[in-house]
Amino acid sequence: MIVVFLYHLNFLNVKQRAVLKIFHLSNKPPFPLKDGGCIAISSILKSLLLAPQTEVFHFTITTQKHPFRLEEYPAEWRAKMTIHAEYIKTKTNIFGALIQLIKNKSYNISRFESKEVEESIKGFLDGVDFDIAILESIYMLPYLHLFKEKGMKVIVRTHNVEHQIWEGMSKNSKSFWKKKYYGKLAEQLKIYELNTLAQADGIIAISEEDAHFFQANFPTLKLKTIPTAVKSNYPIPDYSKDDFYFLGAMDWKPNQEGIKWLLEEVIPNGIKDSSFHLAGKGLKNNQYKHPSVQTYGEVKSALEFINNHGICLIPLHSGGGIKIKLLENMAMGKPIITTTEGVRGIDLTHEKEVLIADDPIAFTKWMNILHQDKDLRRYLGTNAKKYVQTNFDETRLTKRLIEFIRDI
């Protein structure tokens, strides 16, 4: 099944070499903004479109989990770039997973391999003289060789050190078989990640912590840390709201594990004089039977949901990379309780911008304190917003991105 949308075909005939022609390949459509990955992809696309003398060809994979809807892209974006989308069936298949296990190859990567996509990319590369390719995540690395064969420079934008996510899930799993299987997936993914990334010309890391890992393993590759730009011009929230909430993709295993930990170990008997509101893609209404939990499924407006509630909980224990949802809530000035994993990659100070707790007793303690202390909610939220404004400014990050691309 192929979905194709092409706009501004005059893009293909532009010959002025001062214009930087960029082939942007993403593992999912950026719109709608369903999760942190979508937000990260939309952020770099916006920077590319804002930059002077750039022309962008955006080729996105679309899946059953992330369907392509052209109308979700802002009209001004559609007017500025060429867009092409193709479908890959990435739904987990036990037989396929077993085959890759026997072959000792990464099943995570194989789900994104498609002969149809490969042929389509070849067709576009034969018709256009592109300057550079930007691949979103290591899951687009199966197509790296196509760009190299054309003599193009290739930058891989790493959303995480991917194998570390699976290592974390293996470590945190209480099931013996899941622990072993996740560990094997991590091992296979690490081999692929290290071997294939070495063929790129540059890496854009989202966090300094990830950048240190890549620098240690690829000392000759050009590397730049460019976090996701975050909008911060939100109104001041209502700090009288003292209930709790979480909004995130609940079809992502680290989120599933984090919420399970919160409900079973932090608040197994409920929250005194308060409630916990849980929403996100992949969540069913009334999925959790818990005295303090209200579930909403996927909400139409993330902004409205966040504004309707008071204290953000981000109970992650695996995941890797910068947590975009953390930055979004900080940008909105919300008081946040999270874990060490939740702030990984961001230099935040406990009790200044956020509250950090890794064990159930400490997490519960800060929930009780923040629930009762409006001044502390305001203090944390105000500092969080200032931090985002200082460190994730869109104009500054766009300049860094374009300088890096032109320097490759």
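The values are calculated or read from the model by the stated rules, or taken from the named source; none is laboratory data. Because the structure is a prediction, the values reported are computed rather than measured. All Cβ positions, glycine included, derive from the backbone under ideal geometry; neighbour counts span all protein chains shown. What goes into the accessible areas is simple: the full protein's heavy atoms, side chains included, and nothing from ligands, DNA or RNA. Shrake-Rupley method; radii C 1.70, N 1.55, O 1.52, S 1.80 Å.
From the list K352, K334, K386, K365, which residue is surrounded by fewer than 21 Cβ atoms within 10 Å (Cβ to Cβ), modelled with pLDDT of 95 or more, not hydrophobic (A, V, I, L, M, F, W, C) and not in a helix (DSSP H, G or I)? Lay out the reasoning, then the answer.
Working: K334 fails: surrounded by fewer than 21 Cβ atoms within 10 Å (Cβ to Cβ); K386 fails: not in a helix (DSSP H, G or I); K365 fails: not in a helix (DSSP H, G or I).
Of K352, K334, K386, K365, the one residue that is surrounded by fewer than 21 Cβ atoms within 10 Å (Cβ to Cβ), modelled with pLDDT of 95 or more, not hydrophobic (A, V, I, L, M, F, W, C) and not in a helix (DSSP H, G or I) is K352.
When you go through (1) part of a helix (DSSP H, G or I); (2) open to solvent by less than 70 Å² (accessible area, probe 1.4 Å); (3) within 29 Å of T220 (Cα to Cα) one by one for E403, which number turns out not to apply?
In the conditions (1) part of a helix (DSSP H, G or I); (2) open to solvent by less than 70 Å² (accessible area, probe 1.4 Å); (3) within 29 Å of T220 (Cα to Cα), E403 misses (2) alone.
Give the residue, chosen from I191, I236, I206, I226, that is surrounded by fewer than 18 Cβ atoms within 10 Å (Cβ to Cβ) and either under 30 Å from K385 (Cα atoms) or of a type in the set (D, E) (or both).
Details: I191 fails: either under 30 Å from K385 (Cα atoms) or of a type in the set (D, E) (or both); I206 fails: surrounded by fewer than 18 Cβ atoms within 10 Å (Cβ to Cβ); I226 fails: surrounded by fewer than 18 Cβ atoms within 10 Å (Cβ to Cβ).
Exactly one residue qualifies, and that residue is I236.
Failed condition for G282, given (1) modelled with pLDDT under 90; (2) surrounded by fewer than 17 Cβ atoms within 10 Å (Cβ to Cβ), with all others met?
Result: G282 passes all but (2).
Within the set of pairs 6 or more residues apart or between chains, which connect a residue that is without any contact (Cβ under 8 Å) to a residue 60 or more places away in the chain inside segment 383-400 to a residue that is open to solvent by 70 Å² or more (accessible area, probe 1.4 Å) with Cβ atoms less than 8 Å apart?
N383/K352
Quick check, is K122 over 22 Å from the mean Cα position of the chain (by Cα) and more than 29 Å from I402 (Cα to Cα)?
Values: over 22 Å from the mean Cα position of the chain (by Cα): yes; more than 29 Å from I402 (Cα to Cα): no.
It is false that K122 is over 22 Å from the mean Cα position of the chain (by Cα) and more than 29 Å from I402 (Cα to Cα).
Return the residues of segment 231-283 that are of a type in the set (D, E, K, R) and at positive phi; say none if nothing qualifies. Reasoning before the result, please.
So the first thing to find is which residues in segment 231-283 are of a type in the set (D, E, K, R), and the list is 231, 238, 241-243, 251, 253, 257, 260, 264-265, 272-273, 281.
Residue satisfying the conditions is D273 alone.
Just give me the residues in segment 14-46 being assigned to a helix (DSSP H, G or I) and either modelled with pLDDT under 90 or open to solvent by less than 10 Å² (accessible area, probe 1.4 Å) (or both), in sequence order. Explain how you work it out, then say what you get.
Taking segment 14-46 and keeping what is assigned to a helix (DSSP H, G or I), we get 36-46.
Listed by number, the residues that qualify are G36, G37, C38, I39, A40, I41, I44, L45.
For the structure I just gave you, tell me whether G319 is part of a loop (DSSP other than H, G, I, E, B) and small (G, A, S).
On the way: part of a loop (DSSP other than H, G, I, E, B): yes; small (G, A, S): yes.
Here the answer is yes, as G319 does meet what is asked.
Report yes if some residue within segment 165-175 is part of a loop (DSSP other than H, G, I, E, B) and either in contact with a strand residue (DSSP E or B) (Cβ under 9 Å, 6 or more places away or on another chain) or aliphatic (A, V, I, L, M) (or both); otherwise report no. Spell out the reasoning first.
Here is the first cut: in segment 165-175, the ones part of a loop (DSSP other than H, G, I, E, B) are 173-175.
Now drop any that are not either in contact with a strand residue (DSSP E or B) (Cβ under 9 Å, 6 or more places away or on another chain) or aliphatic (A, V, I, L, M) (or both), which leaves none.
Checked against the condition, which is being part of a loop (DSSP other than H, G, I, E, B) and either in contact with a strand residue (DSSP E or B) (Cβ under 9 Å, 6 or more places away or on another chain) or aliphatic (A, V, I, L, M) (or both), segment 165-175 yields no hits at all.
If a residue must be within 15 Å of I405 (Cα to Cα), touching a helix residue (DSSP H, G or I) at 6+ places or on another chain (Cβ under 7 Å) and surrounded by fewer than 22 Cβ atoms within 10 Å (Cβ to Cβ), how many such residues does segment 128-154 contain?
1
From the residues in segment 255-270 that are touching a residue at least 40 places away in the same chain (Cβ under 8 Å) and surrounded by fewer than 22 Cβ atoms within 10 Å (Cβ to Cβ), which one is nearest to K171 (Cα to Cα)?
Selected residue: E257.
Would you be able to say whether some residue in segment 360-370 is within 21 Å of the chain's Cα centre (by Cα) and closer than 17 Å to D238 by Cα? If you could, list the steps in order and put the result at the bottom.
Here is the first cut: in segment 360-370, the ones within 21 Å of the chain's Cα centre (by Cα) are none.
Looking for residues that are within 21 Å of the chain's Cα centre (by Cα) and closer than 17 Å to D238 by Cα, one finds none in segment 360-370, hence no.
Do any residues in segment 74-99 that are in contact (Cβ under 8 Å) with a residue 12 or more places away in the chain and closer than 26 Å to W252 by Cα have Cβ atoms under 8 Å from those of residues that are open to solvent by 90 Å² or more (accessible area, probe 1.4 Å) and part of a loop (DSSP other than H, G, I, E, B), where the two are at least six apart or on different chains, and which pairs are they?
Correct list of pairs: Y87/M1.
Are there any pairs, at least 6 apart or on different chains, whose C-beta atoms fall under 7 Å, with the first in segment 127-153 and under 29 Å from G36 (Cβ atoms) and the second open to solvent by less than 10 Å² (accessible area, probe 1.4 Å) and of a type in the set (G, A, S), and if so, which?
Sorted first by the residue in segment 127-153, then by its partner, the pairs are E136/S26; L144/A200; F147/A133; M152/A133.
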